[in-house]
1. Name the residues in the range 77-88 that are of a type outside the set (Phe, Trp, Tyr) and surrounded by 15 or more Cβ atoms within 10 Å (Cβ to Cβ), would you?
2. Of everything in the range 59-86, what is over 19 Å from Pro33 (Cβ atoms) and charged (D, E, K, R)? Give them in sequence order.
3. Which residues, taken from the range 16-37, are out of contact with any Leu (no Cβ under 9 Å at 6 or more places or on another chain) and either within 15 Å of Val67 (Cα to Cα) or among the hydroxyl-bearing types (Ser, Thr, Tyr) (or both)?
4. Looking at the range 7-125, what strands (runs of 3 or more DSSP E) fall wholly within it and have at least 1 residues that are more than 12 Å from the chain's Cα centre (by Cα) and aromatic (Phe, Trp, Tyr)?
5. Show the residue pairs meeting these rules: Cβ distance below 8 Å; 6+ apart or different chains; first residue within the range 7-26 and touching a residue at least 12 places away in the same chain (Cβ under 8 Å) and surrounded by 17 or more Cβ atoms within 10 Å (Cβ to Cβ); second residue of a type in the set (Lys, Arg) and in a strand (DSSP E or B).
6. Check off (1) within 18 Å of Val110 (Cβ to Cβ); (2) modelled with pLDDT under 95 for Asp53 and give me the number that stays unchecked.
7. Consider Arg48 carefully, then state whether it is touching a residue at least 60 places away in the same chain (Cβ under 8 Å) and of a type in the set (Lys, Arg).
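The values are calculated or read from the model by the stated rules, or taken from the named source; none is laboratory data. Since the structure is predicted, the reported quantities are computational estimates derived from the model, not experimental observations. Virtual Cβ from ideal backbone geometry, glycine too; neighbours counted across all protein chains shown.
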Amino acid sequence: MPYPNARAGMVVSTTAEATVVAIGGEVDALLTPRLRDQLAIEIQLAPRALVVDLSGVRFCSSAALGVLIGACGDARTAGIPFAVVTRQHAVLRPMELLNLRELLAVRPTVDEALAWAARPLTSPG
């Protein structure tokens, strides 16, 4: 499927355990609305867990971080565990500067995010 931003892409994978939205490239003003819309659709579908995989992201705008915060809140309201996967400095650094790791369950791998999502509900950390 073509993307308006050729520097970024998004792939959605669904299993019985979770939905994983994997994003690669640059999450800028062109991709952020698509990300927001896709996460809203996935939350409406009520998966057992929702994981946003940012492992392949080279740039993440502040607007995209806002989308993640909003989706996290919507997922919590719907009772859906929500995790973000990344080891990328381009994503972790702004999260740290804005103290977003307190709000978002950030895990280094999809497997760790899925294991976190499968645990009994507690705090986001």
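1. The answer is Ile80, Pro81, Ala83, Val84, Val85, Thr86, Gln88.
2. Arg76
3. Answer for the range 16-37, where residues must be out of contact with any Leu (no Cβ under 9 Å at 6 or more places or on another chain) and either within 15 Å of Val67 (Cα to Cα) or among the hydroxyl-bearing types (Ser, Thr, Tyr) (or both): Glu26, Asp28, Ala29, Leu30, Leu31, Thr32, Pro33, Arg34, Arg36, Asp37.
4. Correct list: 50-60.
5. Pairs found: Gly25/Arg58; Glu26/Arg58.
6. (2)
7. Against the criterion (touching a residue at least 60 places away in the same chain (Cβ under 8 Å) and of a type in the set (Lys, Arg)), Arg48 qualifies.
Yes or no, residue by residue, for (1) touching a residue at least 60 places away in the same chain (Cβ under 8 Å); (2) aromatic (Phe, Trp, Tyr):
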residue	(1), (2)
Gly66	no, no
Gly79	no, no
Phe82	no, yes
Arg87	no, no
Val91	no, no
Leu97	no, no
Leu100	no, no
Val106	no, no
Val110	yes, no
